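All remarks here apply to the structure that follows.
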Amino acid sequence: MSAQPAALSSLPRLPTVLTPLLGRESELDHLQGLVDTPSIRLITLTGPAGVGKSRLALHLATTLVKEFNRDVIFVPLASIRDPGLFLPTIGQALGLPADASDTIDERVAMALEKRQALLVLDNFEQLLDAAPGVVALLAHSSGTTVLITSQAALGIAGEQLYPLLPLPTPAPDQTAAEAILQSDAVALFVARAKAVKPALVIDDETAGPIAEICRRLDGLPLAIELAAARINILSPNALLARLSNRLQVLGGDRRGVPDRLRTMRHAITWSYDLLTSEQQVLFRYLSVFAGGFTLDAAEELYLKSGANQGAIETLSTLVDHSLVQVFTQSSGENRFLMLETLREYGLEQLVLLGEEPDARLAHASWFFQLAEAAEPQLVESDQEAWLNRLNPEWDNVRAAANWSLSNGRQDMALRLLGAIWRFCSIRGHATETRVLLDRALAVSTGEKTAWRTRALVAAGNLALGQRDLDMARSLFEQARDLAIEQDQVKDEIQALIGLAKVAVNHSDYATAIDFHQRAASLARETGDQRAVGISLGGLAYVAYFQGRLDDAVGYW
């Protein structure tokens, strides 16, 4: 005869947590509501490493035991890698004898059969192959609800997913300490910081750097706690300055916690090691994206990595494992994002494996091709759609240009910046783009390429837009001369139009007329009707300011 299950009072005590749970009140209420819903039997609490899944599940379990006298069995699974040990580990938590004649699945089912219990299975992500055992367990224990913490969903029928998001961080425009302290992420940082430095003063001077620290750490509770522990030796400003290498800062030697939670690097390595080699490749390559990426971009980089599996399936796995976030843009298209802490880890791995040059080259190639595809559309009727398409890619454009310039690929930088200047002018990136163009033109001095000519035209237009007229004229003159030498008629036309606009701004109408007429003549010869229209419009503008109204009407 099988042994009876242990009584409630004899079940192992829940792990003791010595710090209060901060900033998860609404999540705790929602999760408890799911647990109390009879029709929901399996809840999977998902989220990235360090987001606090185990902490929230344990707090809920403790609350149910203390306040509601519920029968709760908490089973830590982090040390278990063999799916065959899944049910025996639950059996040990239930106090079942190891030498019983029944099979372990029968004994576990019998032990739970008459209980109205909550079974908490903590850290299931490395045991996904054991998911059928959860199904069998639920089928034979009608009163039991299972709460699982896992970076990945189990993907079985009846599973209710509850994605746990990072803690909210203050908006960048919040500067007053009183407003900043309302943030859950900041409240956690301050509580943990004062534990190591009780005299820490939070005022308008220190609150700003703390808010930025929490934003830079993506609101991840583990990262915030690790950073706060550094306050004993670093001021908030000094800590913020060192977050350019956040994985180094988020180290230390936390005692009394599982190895995977001792440092942020340990936590991410735990997740990374659960991936297949192909999934690890994509994870590493995706880390070169700054500010997110589209599915098309991810597929292109995955292809350039030499992978032989489908990018969609592999990316889906990274999303399922909470290593990549997905959100829907206003256009209805999905966009993907890696939390910066995870991204830094991926970049480290790229460097260690010698893959960074190839990944960066593929990244830069994708974005100069995107810029060149967008360039003609930015003067067409669907300009707004293309501006919105490029909007979220500015961080990637900047990263691609900087990498190209730092690695002897000025041709790529010239192509990228020469094509995307109009977007930059319209959407407020003119100053930064001018700096990048100055660098690209400086390192390509003496080169006679179409890319340099177009970059000179782009730089001239941006300088003109900011009324840096002398610089604009110099850039347009260089572009015109190089275009003539290289027989680049289209670029010569644009340089002439630019020179005409500079002349108008100097009230040198005779010179403006000359340049516009020459541009219009070349544009007619090449069939460039848009350039013809611009030049005629420029001539009409000059005629109007000269008081030649009939001529102005004639040009229009």
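Here are the numbers for the structure shown:
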read-out: Förster radius 35 Å - calculated FRET efficiency between ASP487 and LEU549 (Cβ-Cβ, nearest 0.05); value: 0.35
read-out: Structure-based [θ]222 nm, the chain - -39500 (n - 2.57) summed over DSSP H runs of at least 4, per residue, nearest 500; value: -17500 deg cm²/dmol
read-out: Across LYS448/LYS501; LYS448/LYS490; LYS304/LYS490, pairs whose alpha-carbon gap is larger than 27 Å; value: LYS304/LYS490
read-out: Debye intensity ratio I(q)/I(0), log10, segment 320-372, q values 0.18 Å⁻¹ (C-alpha model); value: -0.83
read-out: Surface per residue (accessible, 1.4 Å probe) for segment 336-476, Å²; value: 41 Å²
read-out: Debye intensity ratio in log₁₀ form over the Cα atoms of segment 390-450, taken at each q of 0.16, 0.17, 0.26 Å⁻¹; value: -0.45, -0.51, -1.12
read-out: Using θ = phi - 60° and Karplus 6.51 cos²θ - 1.76 cosθ + 1.60, couplings along segment 392-408 (whole Hz; Gly, Pro as x); value: x, 9, 4, 4, 5, 4, 4, 4, 5, 5, 5, 5, 4, 5, 8, 10, x
read-out: Shape box of the chain [Cα atoms, principal axes, largest first, Å]; value: 107, 55, 44
read-out: Net charge over other residues, Cβ less than 13 angstrom from the Cβ of HIS429 (K, R count +1; D, E count -1); value: +1
read-out: Cut-off under 5 Å, modelled amide H: who pairs with VAL146 long-range; value: LEU42, ILE43, LEU119
read-out: Local electrostatic count, LEU127, Cβ distance below 12 Å [Lys/Arg +1, Asp/Glu -1]; value: -3
read-out: Shape of segment 330-416, Cα gyration tensor, a/c cut at 1.5; value: oblate
read-out: Inter-label distance, nm, simple model (7 Å from Cα along the C-beta direction), ALA157/ILE40; value: 2.1 nm
read-out: For segment 134-148, Karplus couplings with θ = phi - 60° (6.51, -1.76, 1.60), whole Hz, Gly/Pro x; value: 5, 4, 5, 4, 5, 5, 10, 9, 5, x, 9, 10, 10, 10, 10
read-out: Nitroxide proxy distance, nm - points 7 Å out along Cα→Cβ at ALA373 and ASN69; value: 6.5 nm
read-out: Percentage, to the nearest whole number, of Cα pairs in segment 441-556 over 23 Å apart; value: 27 percent
read-out: Residue-wise HN-Hα coupling along segment 346-353, computed from phi with Karplus coefficients 6.51, -1.76, 1.60 (Hz; x: Gly, Pro); value: x, 5, 4, 5, 4, 5, 4, 8
read-out: Stretchable slack from ALA450 to VAL351, in nm (0.36 nm times residue separation minus alpha-carbon distance); value: 32.3 nm
read-out: Ordering of 380-386, 420-426, 294-300 by burial proxy (mean other Cβ atoms within 10 Å per residue, highest first); value: 420-426, 294-300, 380-386
read-out: Contact order relative to length of the chain, as percent, for alpha carbon pairs under 8 angstrom and 6 or more apart; value: 9 percent
read-out: Ordering of 205-217, 232-244 by packing [mean C-beta count within 10 Å, highest first]; value: 205-217, 232-244
read-out: Distance from segment 209-244 to segment 486-556 (C-alpha centre basis), Å; value: 56 Å
read-out: The chain - share of DSSP beta bridges that are antiparallel (%, nearest 5); value: 20 percent
read-out: Amide hydrogen neighbours beyond the local backbone of ASP71, cut-off 5 Å, H modeled; value: LEU118
read-out: Share of carbon and sulfur in the accessible heavy-atom surface of the chain [1.4 Å probe, %]; value: 51 percent
read-out: For TYR162, net neighbour charge (Lys/Arg +1, Asp/Glu -1) across residues whose Cβ lies under 11 Å away; value: -1
read-out: R0 of 45 Å, Cβ-Cβ distance ASN402-VAL196: FRET efficiency to nearest 0.05; value: 0.75
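The values are calculated or read from the model by the stated rules, or taken from the named source; none is laboratory data. What you see is a predicted model, and the numbers here were worked out from it, not measured in a lab. Cβ coordinates were reconstructed from backbone atoms using ideal geometry, including for glycine residues, and neighbour counts include every protein chain displayed. Ligands, DNA and RNA are excluded from the accessible area calculation, which covers all protein heavy atoms including side chains. Shrake-Rupley method; radii C 1.70, N 1.55, O 1.52, S 1.80 Å.
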